[in-house]
1. How much area per residue is accessible in the range 123-229 when the probe is 1.4 Å and only protein heavy atoms are counted (Å²)?
2. Between Val215, Val66, Val51, where does the largest GNM mean-square fluctuation fall for the chain, given springs only between Cα atoms within less than 10 Å?
3. What are the DSSP H helices in the chain that stretch 20 Å or more along their long axis, judged by alpha-carbon atoms, and whose average Kyte-Doolittle hydropathy comes to at least -1.0?
4. So what are the ³J(HN,Hα) numbers for the range 90-98, from phi and the Karplus equation (6.51, -1.76, 1.60; θ = phi - 60°), rounded to whole Hz, Gly and Pro as x?
5. On full extension of the chain, what length is gained from Val140 through Lys71, given 0.36 nm per residue of separation minus the C-alpha to C-alpha distance?
6. Looking at the square roots a ≥ b ≥ c of the eigenvalues of the Cα gyration tensor of the range 1-159, which shape do they give, rounded for a/c under 1.5, prolate if a/b is larger than b/c, or oblate?
7. Could you pull out the longest piece of the chain with no exposed loop chymotrypsin sites (Phe, Trp or Tyr not before Pro) in it, calling a site exposed if DSSP puts it outside H, G, I, E, B and it has at most 11 other Cβ atoms within 10 Å?
8. May I ask you to derive the relative contact order of the range 1-74, considering only C-alpha pairs under 8 Å and at least 6 residues apart, and to give it as an integer percent?
Amino acid sequence: MESYTSAPLRVGILGFGGLGQAAARLLAPKREMVLVAIADRHGYLCDADGVDVDNAVQAYAQQGSVGKANKGQMSEQSIEDLIGQGEVDGYFLALPNLPNTFMADVTRQFIASGWQGVLVDALKRTSAVEQLLTLRHDLVQAGITYMTGCGATPGLLTAAAAVAAQSFQEIHQVKITFGVGIANWEAYRATIREDIAHMPGYNVDKAQAMSDEEVAALLDQTNGILALEDMEHADDIMLELAGICHRDQVTVGGVVDTRNPKKPLSTHVKITGRTFEGKLSSHTFTLGDETSMAANVCGPAFGYLKAGYGLHRQGLMGLFTAADVMPKFVR
């Protein structure tokens, strides 16, 4: 099997909340990637020999920023400063897309910086991916390979739907249902706010403006459960762009339990269509209940980063989705 590089890929993580910290932990035992850079809202950290994850987590928890860790720097423009400091092959954007323009704005920072490499995100909203689509030409010109929607859903389940669709003459419906269990919602404040934004009567701006106390009060009312239906989820535009089906044929919903690490239901995608023999049939792909949200998001993200690096080495720049490219297993 071809190896794209003899040295480990140098990886940075933008955002160091619950998802960013989980990503750092997941990278620690990998041989093909090494974590060399982290940025949060108030600081950044570079270490070409590999970040001390425990030290970074401790600094963030106790002092509010990785800028207080060994080899860290405090900064109120941490992303911009980090891009200019570290030699990084690819970044995982473990950032909350709050406001809904944030990820596109960060992408413009990379384009303007002159940095070249691979970016990967786990964006959820269709409208956020649509904003990135307007930057496709700019990404090509900048020499950046951007992999979007590469978490669990969108991401892992989108790719499963794209593969399963090959059995059918036409697709009638793609239905994604997820179950997420989180022992402590405060470890994933931004993720929970993004989920609240999908609830009736809420939007991104309203969810972003909620205080922790207001979020806690809402969760008290729902006994810690967020039941989400007909979400604006980028699986739809990604499958449409891949020619699988029209976005209106894709539905996404699920249940988030913010007080229990056990999944309230199994996460799965069901693809229904007409076979080549004219019969109606379905494929269902189900994730193991033992796998965590962090593993199902961060694992695919780094698999797509590795795949994106392969594309970048071949001179393929621009915007790609989880339905366009298969992830590469990262050892």
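1. 41
2. Fluctuation is largest for Val215.
3. Helices meeting the span and hydropathy rule in the chain are 293-313.
4. x, 10, 9, 8, 8, 9, x, 7, 10
5. 21.5 nm
6. Note, shape of the range 1-159 comes out rounded.
7. Answer from the scan: 1-275.
8. About 25 percent, as a whole number.
The values are calculated or read from the model by the stated rules, or taken from the named source; none is laboratory data. Since we're looking at a predicted model, the values are computed, not measured. In this analysis, Cβ positions are derived from the backbone assuming ideal geometry, glycine residues included, and neighbour counts consider all displayed protein chains. Just so you know, the surface numbers come from the protein's heavy atoms only, side chains and all, with ligands and any DNA or RNA stripped out. Shrake-Rupley method; radii C 1.70, N 1.55, O 1.52, S 1.80 Å.
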